[in-house]
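Below is one structure; the comments refer to it alone.
The values are calculated or read from the model by the stated rules, or taken from the named source; none is laboratory data. This is a predicted model, so every value here is computed, not measured. Cβ coordinates were reconstructed from backbone atoms using ideal geometry, including for glycine residues, and neighbour counts include every protein chain displayed.
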Amino acid sequence: MAPSSTTESGPVPVNGTPEPFSGSQEWSLPNSTPSAVPQPATESRGNTFIDPELLLGHKEPLPYRGSLDEFESFDVTPISGREFPQASLAQWLRAPNSDELIRDLAVTISQRGVVFFRAQNEMTVELQKELAKRLGELSGKPSTSGLHIFPFVYGAEDRDKEVTIITHEDKPIEKGKVHARLQDPKTTPPHKMWHSDSTFEHVPADYAVLRFEKLPSTGGDTVWASGYEVYDRLSEPLKAFFGGLTFTGGQPAYHKKAATNGTPYYTDQRGAPENVGKHIRAIHPVVRTNPVTGWNSIYALGHHVEYINHVSPAESTKLLEWLHDIVVLNHDIHIRHRWVNNNDMALWDNRCMVHTATPDYLGKGLGDRKGCRVMSIGERPYHDPSASGRAESLVL
């Protein structure tokens, strides 16, 4: 999607660094609400431009405490992904040490990017919502953050707005569900479908929990790519350059679709007090620090990114295309996950991963691909100038 030539001001947070803490306490950034304090037109740190709208912060990373070590698991690739082929998430949610298990699971997701579970036949929608909520809470998200609600209203009014149905079928929506339709690959090539969820919100998603209840006979894989690795592949001068920039996240296509179809907006809180109204556009750092790991990743990736701020439209287009090409052209940073069983699940951290569907099964009589997704809303995205990348932290 081409960058927009228009600009709209979002919240203007005041730079600041809160006191670090340990454990699973809630954390926050000072003065992170919209401020009436005049901001300087430009700032600089040495020779690096610093966007005055860039939110800075720091949080001590959460340590992994080892509670998942007794369960069989393997790393899917050297860079990202872990699978627990035999574990039951429903049992973890009801275990005596459930908080410890779910907290360590959150840390594992944030470190590995995405974690997979097979045939979770005991899982229900309510348990899925509980899991998403507790992943964020036990890893320290603000108490004001809950579960995301999609900004446009689909289907029955009494549906569960905190659950999104993933399907390609244009059929009546099941009661209590929300509908999200896959793009047609003939009009939207799959390489243009990469995204991080809800980047258009002021407070976007941290963890996403996806479960497929119905699968085609073949096809429909989901592919993830690591924003950590995109950051790690930059030179030090480029890391500093991008670390001083912000981007505007939005999705103009949503507004067009709403206007064309008469789809109403959901204007109440969409998982956080800041996510309200029809203003579906937000300013975020290009380099985002994950508070759970303390690692930097490139956050300005995918089709929810409209443009990089404070550069020319041509510069924004070229910079975003270049970052996008790092994702598209380097298959070694990808995880292509095959959904094998009904109720297979994937849990990922939107702060450090982008993903895309593979609509290769559409129109071929291979069956529907239908699942439900729940997303936890996290914290305001920020950049920690003292943070490093994954590779440096792990001495890779």
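Here are the numbers:
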{"read-out": "Residue that is nearest to GLU137 (Cα to Cα) [pool: residues in the range 168-212 that are modelled with pLDDT of 95 or more and over 13 Å from the mean Cα position of the chain (by Cα)]", "value": "ARG211"}
{"read-out": "Leading residue by the ranking (nearest to THR222 (Cα to Cα)) among those in the range 345-369 that are among the charged types (D, E, K, R) and crowded, with 23+ Cβ neighbours inside 10 Å", "value": "ARG369"}
{"read-out": "Matching residues in the range 193-213 - criterion: being part of a loop (DSSP other than H, G, I, E, B) and crowded, with 22+ Cβ neighbours inside 10 Å", "value": "SER196, ASP197, SER198, THR199, PHE200, GLU201, HIS202, VAL203, PRO204"}
{"read-out": "Residues that are polar (S, T, N, Q) and more than 15 Å from PHE71 (Cβ to Cβ), drawn from the range 105-120", "value": "SER110, GLN111"}
{"read-out": "Options PRO273, PRO237: the member that is within 25 Å of GLY57 (Cα to Cα), not hydroxyl-bearing (Ser, Thr, Tyr) and not in a helix (DSSP H, G or I)", "value": "PRO273"}
{"read-out": "Criterion violated by ARG233 - all others in (1) surrounded by fewer than 21 Cβ atoms within 10 Å (Cβ to Cβ); (2) within 26 Å of VAL125 (Cβ to Cβ) satisfied", "value": "(2)"}
{"read-out": "Subset of the range 357-371 [of a type in the set (D, E, K, R), part of a loop (DSSP other than H, G, I, E, B) and touching an Asp or Glu at 6+ places or on another chain (Cβ under 7 Å)]", "value": "ASP368"}
{"read-out": "Test: ALA156 is part of a loop (DSSP other than H, G, I, E, B) and modelled with pLDDT under 95", "value": "yes"}
{"read-out": "Single residue of TYR265, TYR307 found to be within 26 Å of HIS58 (Cα to Cα), aromatic (Phe, Trp, Tyr) and touching a helix residue (DSSP H, G or I) at 6+ places or on another chain (Cβ under 8 Å)", "value": "TYR307"}
{"read-out": "First in the range 340-360 and in contact (Cβ under 8 Å) with a residue 24 or more places away in the chain and at positive phi, second anywhere and among the hydrophobic types (A, V, I, L, M, F, W, C) and in a loop (DSSP other than H, G, I, E, B), Cβ under 7 Å, 6 or more apart", "value": "ASN343/ALA119; ASN343/MET123"}
{"read-out": "Tabulated pairs, the range 231-260, first closer than 12 Å to PHE49 by Cα, second polar (S, T, N, Q) and part of a strand (DSSP E or B), C-beta under 7 angstrom, 6+ apart or interchain", "value": "ALA240/THR48; PHE241/THR48; GLY244/THR48"}
{"read-out": "Which numbered condition PHE49 fails, given (1) outside any loop (DSSP other than H, G, I, E, B); (2) at pLDDT 95 or above", "value": "(2)"}
{"read-out": "Top-ranked residue in the range 44-79 [being surrounded by 14 or more Cβ atoms within 10 Å (Cβ to Cβ) and touching a helix residue (DSSP H, G or I) at 6+ places or on another chain (Cβ under 6 Å); ranked as nearest to GLY378 (Cα to Cα)]", "value": "LEU62"}
{"read-out": "For GLY367: the one exception among (1) of a type in the set (Gly, Ala, Ser); (2) at pLDDT 95 or above; (3) over 26 Å from ALA253 (Cβ atoms)", "value": "(2)"}
{"read-out": "Selection from the range 218-266 of residues that are hydroxyl-bearing (Ser, Thr, Tyr), over 21 Å from the mean Cα position of the chain (by Cα) and within 17 Å of HIS337 (Cβ to Cβ)", "value": "THR218"}
{"read-out": "Residue within the range 338-345 that is touching a Phe, Trp or Tyr at 6+ places or on another chain (Cβ under 8 Å), farther than 29 Å from GLU60 by Cα and polar (S, T, N, Q) present", "value": "yes"}
{"read-out": "Selected residue [modelled with pLDDT of 95 or more, in a helix (DSSP H, G or I) and β-branched (Val, Ile, Thr)] from VAL374, VAL354, VAL311, VAL327", "value": "VAL327"}
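Residue by residue, here is whether (1) of a type in the set (A, V, I, L, M, F, W, C); (2) touching a helix residue (DSSP H, G or I) at 6+ places or on another chain (Cβ under 8 Å) holds:
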{"position": "ASP325", "(1), (2)": "no, no"}
{"position": "ASP332", "(1), (2)": "no, no"}
{"position": "ARG338", "(1), (2)": "no, no"}
{"position": "ASP344", "(1), (2)": "no, no"}
{"position": "ASP349", "(1), (2)": "no, yes"}
{"position": "THR356", "(1), (2)": "no, yes"}
{"position": "LEU362", "(1), (2)": "yes, no"}
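So that you can scan it fast, the table gives a plain yes or no per residue for (1) more than 19 Å from GLY378 (Cα to Cα); (2) acidic (Asp, Glu); (3) crowded, with 24+ Cβ neighbours inside 10 Å:
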position: LEU215; (1), (2), (3): yes, no, no
position: PRO264; (1), (2), (3): yes, no, no
position: GLY294; (1), (2), (3): no, no, no
position: ILE298; (1), (2), (3): no, no, yes
